[in-house]
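Here's the structure, in structure tokens; my notes come after.
The values are calculated or read from the model by the stated rules, or taken from the named source; none is laboratory data. Since we're looking at a predicted model, the values are computed, not measured. Here the Cβ is made from the backbone with ideal geometry for all residues, glycine too, and neighbour counts use every protein chain on show. Areas reflect the complete protein model, heavy atoms only, side chains present, ligands, DNA and RNA absent. Shrake-Rupley method; radii C 1.70, N 1.55, O 1.52, S 1.80 Å.
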Amino acid sequence: MNPSLPRDIILFSTADWDNTLWTNKQHTAARLVKRGYRVLYVESIGLRRPVAGGMDASRVMGRLAKGAGGVKKVRDNLWVYSPIVIPFHSRAWVRAFNTKILCSFIRGYSKRIGFQAPIFWTYNPLSVELAGRLGESMLVYHCVDDLPSAPGMASEALSLAEQELVEKSDLVFTTSRKLQETRSKWNPGNTHYFPNVADFDHFSKARKPGPIPEDLKGIPSPRIGFIGAISDYKVDIELIARIAEAREDWHWVLIGTVGEGQPSTSDTLLRRPNIHLLRERPYDVLPEYLRGLDLCVLPSSLNDYTSSMFPMKFFEYLAAGKTIVSTDLPALREHSDVCVLVKDRDDFIGAVSDALNGKSPDPLRCLETARRYTWDKRLDWVEELLIKKWEEKRRSQ
């Protein structure tokens, strides 16, 4: 780490720290700490409108319990704050009220921890209303999704806030070419593309002999696996159900929560004897599950949201040595040499059949690609830009 670069970071996430399936936010925070930074991780303020009952009600109660405890130190140099806010972000008075409360608490906690001139690092467009109020030295926006296109969002408020955030940011990092193209219109000189990456060392354990979890071992082969949020806007549930019906000898293993990010998602179509819903599994044991799969898939829905999405699981599957069959996501086209992209539902079953019969991309090329896209390498690129931008700001003062 460059010693002149500010070492304190306030990171505004859109995911809670203790979520079982880690995203960019938790991985980035943890790895920044390993590089000598101190991080105050501000959990999600609930971008999506809550739904009465069920999953959302449980989360509200959990947030109230966590928020009442203030800031919690979860690792050396890493603190987590669970803000309690009003989640109706489409209303201007709500955003103004939330901003006032958040600003007061975050200032107080930052002072207590001893932060000085922190880097304001955000994944949340609505946090722009806090920019310039926390004594920050730099503003970084890490754009990993087209949030206004996701269901249940305050789309208009998010779109306006995101444009303002991009325009104000010293640096903007995007995880897909489309996100880079659209956001660079607002800040062309400072918007950069870095795709999602994986912990190669962790997921490559799946390549080696080892245990297979008991709940997976009891499922017949061939096992077709997917890991992630099982929600309509992300996953083509009808496609999975159609293939499961056509090929009853194939067994689908879906590891993740149905309705994550979209509580209206139904699992009705997935109630088949050859579709196995294993719910979420801890990050540490995911290589063991991958070891027991015959094939990994990305059966993504195709819509405005996914057209800008780069699936985090892509390089994790590659690192695990698994052949990948995916719907034709724009972000994956530049990696079509290491996966199988399918343009429509009717072709998906043929691609899966070919892959199960050994027709797959060159495994050595897949391994080389996986080695190039790791968290450490991406942070090397990011930190280089941070240092350059910081030196530019120092010279201009």
Surpassing 23 Å at the alpha-carbon level, of the pairs 313/343; 25/178; 313/388; 34/388, are 313/388
Given 160, 255, 10, which one lies farthest toward the positive end of the charge dipole of the chain, if we put +1 on the Cβ of every Lys and Arg and -1 on the Cβ of every Asp and Glu?
10
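Want the number for residue 392 to residue 328: 0.36 nm per residue separation, take away the alpha-carbon distance, what's left?
Values: separation 64, 0.36 × 64 = 23.04 nm, distance 4.02 nm.
The residue 392-residue 328 span can extend by a further 19.0 nm.
What do you get when you divide the Cα radius of gyration of segment 273-397 by 2.2 N^0.38 Å, with N the number of residues?
Numbers: Rg = 18.1 Å, N = 125, 2.2 N^0.38 = 13.8 Å.
Output field value: 1.32.
How about segment 173-232: which trypsin sites (Lys or Arg not before Pro) there are in a DSSP loop, with at most 14 other Cβ atoms within 10 Å of their Cβ? Spell out each step's value before the answer.
Numbers: sites: 177, 178, 183, 185, 205, 207, 217, 223; in loops: 185.
Sparse-neighbourhood loop trypsin sites (Lys or Arg not before Pro): 185.
With contacts defined as alpha carbon pairs under 8 Å and 6 or more residues apart, what's the relative contact order of segment 76-140 in percent?
Values: 37 pairs, mean separation 18.5, N = 65.
For segment 76-140, the relative contact order is 28 percent.
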Interchain or sequence-distant (5+) residues whose placed amide H lies within less than 5 Å of the amide H of residue 192 are 172, 173, 174
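Calculate the dipole size of the chain relative to its Cα centre from +1 charges on Lys and Arg beta carbons and -1 charges on Asp and Glu beta carbons; express the result in debye to the nearest 20. Could the numbers behind the result be given before it?
Numbers: 55 positive and 49 negative charges, 306 e Å.
Charge dipole, the chain, about its Cα centre: 1460 debye, nearest 20.
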Crossing angle, helix 24-34 versus the chain [Cα axis fit, 0-90 degrees, rounded to tens]
60
Go ahead and run the numbers for FRET between residue 277 and residue 92, Cβ-Cβ distance against an R0 of 30 Å, rounding to 0.05.
0.15
Distance histogram in 20 Å bins (all Cα pairs of the chain, percent per bin):
27, 58, 16, 0
Ignoring ligands, DNA and RNA, please state the percent of accessible area on segment 290-397 from carbon and sulfur, probe 1.4 Å.
45
Of all accessible surface on segment 95-221 at a 1.4 Å probe, what whole percent is carbon and sulfur?
51
Springs between alpha-carbon atoms under 10 Å, Gaussian network over the chain: tell me which of 125, 83, 263 tops the mean-square fluctuations.
263
Using only the alpha-carbon atoms, how far is helix 92-113 inclined from the longest principal axis of the chain? Give it as 0 to 90 degrees, nearest 10.
80
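What accessible area per residue comes out for the chain, rounded to a whole number of Å², with a 1.4 Å probe? Show your work: numbers first, answer last.
Details: 17120 Å² over 397 residues.
Spelled out: the 1.4 Å probe surface of the chain, per residue, equals 43 Å².
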